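S.K.: Input: one structure, supplied below.
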Ligand SMILES: Cc1cc2nc3c(=O)[nH]c(=O)nc-3n(C[C@H](O)[C@H](O)[C@H](O)COP(=O)(O)O)c2cc1C
């Protein structure tokens, strides 16, 4: 799909069919968001000073070929590491102001931030830089969803502490922004 068409068609989608996405689609979405594009580890999205402060998680509810659970995406090898088993979409919705779309979407892809990585180079500017970077990754993800005929909505309204606990994130990973995705109704 030409980029201009993806830009034209992108719209927040909040109603999804109760159908799975498949593993290839989930992998493509993760790659678009934070995958590597060169042998030195550089990624699809720009990064302030190449500090790469984003950690990406897949909340798999309904994925053909993948058990429900929370997975950590490893850009260097394009692999998923299982963190916890089970479908946590309902609990994620509860920790996100009970947004029904979060319950319905087949998956969520979450960006956690590690500001210290960027602060080591840019001190006081790091918080803003890291949030800007999450925006880059989110837009890559949104446009890739359109190109796969999937629906997506970005979610910023969440109780970060509750989400961190639910997903059992490492203490330094702050859940900041995520997309709920699935087959549009
Ligand atoms: C930082 C940010 C946070 C957002 N958080 C939510 C959210 O929690 N729930 C939601 O339904 N939409 C959320 N949105 C999506 C906006 O509501 C949506 O983009 C806006 O209404 C414009 O509609 P469009 O995306 O269809 O163009 C968020 C968008 C941004 C940029």
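Here, each number is a calculation from the coordinates, and none is a lab measurement. Every value quoted in this text rests on a predicted model; they were computed, and no experiment measured them. No Cβ is skipped: glycine too gets one built from the backbone with ideal geometry, and neighbour counts run over all protein chains shown.
S.K.: Given the structure, is residue 54 in contact with a helix residue (DSSP H, G or I) (Cβ under 8 Å, 6 or more places away or on another chain), in contact (Cβ under 8 Å) with a residue 60 or more places away in the chain and over 21 Å from residue 164 (Cα atoms)?
M.R.: For residue 54, the condition - in contact with a helix residue (DSSP H, G or I) (Cβ under 8 Å, 6 or more places away or on another chain), in contact (Cβ under 8 Å) with a residue 60 or more places away in the chain and over 21 Å from residue 164 (Cα atoms) - is not met.
S.K.: In segment 1-20, which residues are in contact (Cβ under 8 Å) with a residue 24 or more places away in the chain and within 15 Å of the ligand (Cβ to nearest atom)?
M.R.: Result: 6, 7, 9, 10, 12, 13, 14, 15, 16.
S.K.: I'm trying to understand the selection: among the residues of segment 151-166, which are within 13 Å of the chain's Cα centre (by Cα) and either closer than 16 Å to residue 71 by Cα or surrounded by fewer than 21 Cβ atoms within 10 Å (Cβ to Cβ) (or both)?
M.R.: Selection gives 154, 156.
S.K.: Only residues that are more than 12 Å from the ligand (Cβ to nearest atom), within 17 Å of residue 53 (Cβ to Cβ) and touching a residue at least 40 places away in the same chain (Cβ under 8 Å): list them for segment 135-161, please.
M.R.: Correct list: 136, 137, 140, 141.
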